[in-house]
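Below: the structure, in structure tokens.
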Amino acid sequence: MSDIELANVSKSFGSVKVIDGLSLVVNSGELVVFLGPSGSGKSTLLRMIAGLETIDSGTLTIGGERSEHLAPGQRGVAMVFQNYALYPHMSVRENMAFGLQNIGMAGSEIERRVRDAARTLEMEELLERRPAQLSGGQRQRVAIGRAIVKEPKAFLFDEPLSNLDAALRVRTRVEIAELHQRIKVTMIYVTHDQTEAMTLADRIVVLNDRQIEQIGTPMEIYLRPASRFVAGFVGSPG
Ligand code: ADP
Ligand code: MG
């Protein structure tokens, strides 16, 4: 089943085209990495899928519904923001519950979801703490928890490791991989880091210059790069 489908999608900011006729299918349960240099349109693509940017032309469908009929809250997708976006004056529990309270969900259902998410992320003992009382890695887990409680059909990560130190980057990357193994939900993960892409992806979408350069498994991309750009970017041999 295809969860998210872009067909011939273009996007400009003013007179500058940043996505040009891009087509892509993300299958249900897949972990797809958008890999490309800074400015290649990765965040714009993710924000269009999330409904935070409109598309200029082409079609975007999510779960078979066209995006223009779906408000951001109806898409069943959740963005994972970086850990610094947590509310400092709220506990972990309140941070995770906040987005659900905003949409008027019943308190008992919110409680269940927060409990389940805390269990999934193995952080039940952290629920009453404030962000300042957490390590960087724990804060990033809470940021993921805020997405999990929405029980989305797809998670969207935009460079989630970019503000973490090297050791924490590795640990959080492993945690995201384990989370995907455990809940098998579609994930789109944006990065400019080829190591992250190689270690996480079921498939990598290499972006460059408004277009897709190549789509393939990490091994395909590494061993059979479709262009000099891809070879250089992922450090292929030969
Ligand atoms: P990436 O995430 O791969 O670094 P972006 O999607 O952020 O790339 O940006 C792609 C291009 O679009 C860049 O040239 C950027 O400057 C431009 N851009 C992104 N958002 C806006 C915006 N809101 N207004 C004008 N230009 C933008
Ligand atoms: Mg970006």
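The values are calculated or read from the model by the stated rules, or taken from the named source; none is laboratory data. Just so it is clear, the model here is predicted, and its values are computed rather than measured. We place every Cβ from the backbone using ideal geometry, glycine too, and count neighbours over all the protein chains shown.
Assorted remarks:
- Among the residues of segment 187-196, at least one is crowded, with 19+ Cβ neighbours inside 10 Å, away from ligand 2 (no atom under 16 Å from the Cβ) and over 25 Å from Pro237 (Cβ atoms).
- Among the residues of segment 13-29, those identified as surrounded by 14 or more Cβ atoms within 10 Å (Cβ to Cβ) and of a type outside the set (Asp, Glu) are Lys17, Val18, Ile19, Gly21, Leu22, Leu24, Val25, Val26, Asn27, Ser28, Gly29.
- Options Gly73, Gly99: the member that is without any contact (Cβ under 8 Å) to a residue 60 or more places away in the chain, in contact with a Lys or Arg (Cβ under 7 Å, 6 or more places away or on another chain) and within 19 Å of Val185 (Cβ to Cβ): Gly99
- The set of residues in segment 47-61 being among the aliphatic types (A, V, I, L, M) and within 8 Å of ligand 1 (Cβ to nearest atom) is empty.
- The helices (runs of 4 or more DSSP H) located wholly in segment 42-161 that include 2 or more residues which are within 16 Å of ligand 2 (Cβ to nearest atom) and either among the aliphatic types (A, V, I, L, M) or crowded, with 18+ Cβ neighbours inside 10 Å (or both) occupy 42-50.
- Helices (runs of 4 or more DSSP H) wholly inside segment 170-238 that include at least 1 residues being modelled with pLDDT under 95 and within 19 Å of the chain's Cα centre (by Cα): 194-200
- Taken across segment 121-144, residues that are in contact with a strand residue (DSSP E or B) (Cβ under 8 Å, 6 or more places away or on another chain) and in contact (Cβ under 8 Å) with a residue 60 or more places away in the chain do occur, with at least one present.
- Residues considered: Leu35, Leu31. Of these, the only one that is of a type in the set (A, V, I, L, M), more than 15 Å from ligand 1 (Cβ to nearest atom) and in contact (Cβ under 8 Å) with a residue 12 or more places away in the chain is Leu31.
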